[in-house]
Amino acid sequence: MPEKTKSYEIPTEMRDFAEKSVEQARKAVDGFLGAAQKTAETFEGSTNSAQASAKEVTHKTFSYAEQNIAAAFDLAQKLVRSKDLNEAMQHQSEFVRTQLEAMQAQVKELGSLTQTAIKQATKK
């Protein structure tokens with residue numbers, strides 16, 4: 001006779017607390033990224049082409065950071081809401097797969113933008 005696997009139930013109070021903690025952390029990181037982006041924009045003064053390319057790389061980097069952090073917080077919320085270990089593992093696997101795809105695309109685009117910035121910086 002097969003042995004039944006016990007279902008692990010997370011108490012509602014603990015789930016609510018974890019969900020609120022994830023949301024507070026998300027807001028804190030969003031605030032930090034906003035402040036960091038404003039600081040970076042302060043250092044970007046002139047409009048020559050090399051600085052425009054560098055500015056584009058900076059903005060793209062912040063955009064990717066925001067996307068990756070949002071994906072991590074979405075995973076955290078899914079994990080908190082998971083009904084069992086199998087569902088949590090499914091969310092984790094999906095996150096890893098989509099993040100690897102996203103990071104490959106991000107690295108490729110940042111590499112291209114960086115090459116353009118270097119070429120424009122070395123132009124005379």
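Rounded to whole numbers, the Karplus 3J(HN,Hα) couplings from phi for region 96-109 are 4, 4, 5, 5, 4, 4, 5, 5, 4, 5, 5, 4, 4, 5 Hz, using 6.51 cos²θ - 1.76 cosθ + 1.60 with θ = phi - 60°, and x at Gly and Pro. With N counted as the residues of region 49-124, its alpha-carbon radius of gyration over 2.2 N^0.38 Å works out to 1.53.
From the cross-link list LYS27/LYS60; LYS60/LYS83; LYS38/LYS83, which pairs have alpha carbons spaced over 30 Å apart?
From the list (LYS27/LYS60; LYS60/LYS83; LYS38/LYS83), the Cα-Cα distance tops 30 Å for LYS60/LYS83; LYS38/LYS83.
Applying the Karplus relation 6.51 cos²θ - 1.76 cosθ + 1.60 with θ = phi - 60° to region 72-78 yields 3J(HN,Hα) values of 5, 5, 4, 4, 4, 5, 5 Hz, where x marks Gly and Pro.
FYI, it's all coordinate maths here, none of it is from the lab. Note that this is a predicted model, so its numbers are computed, not measured.
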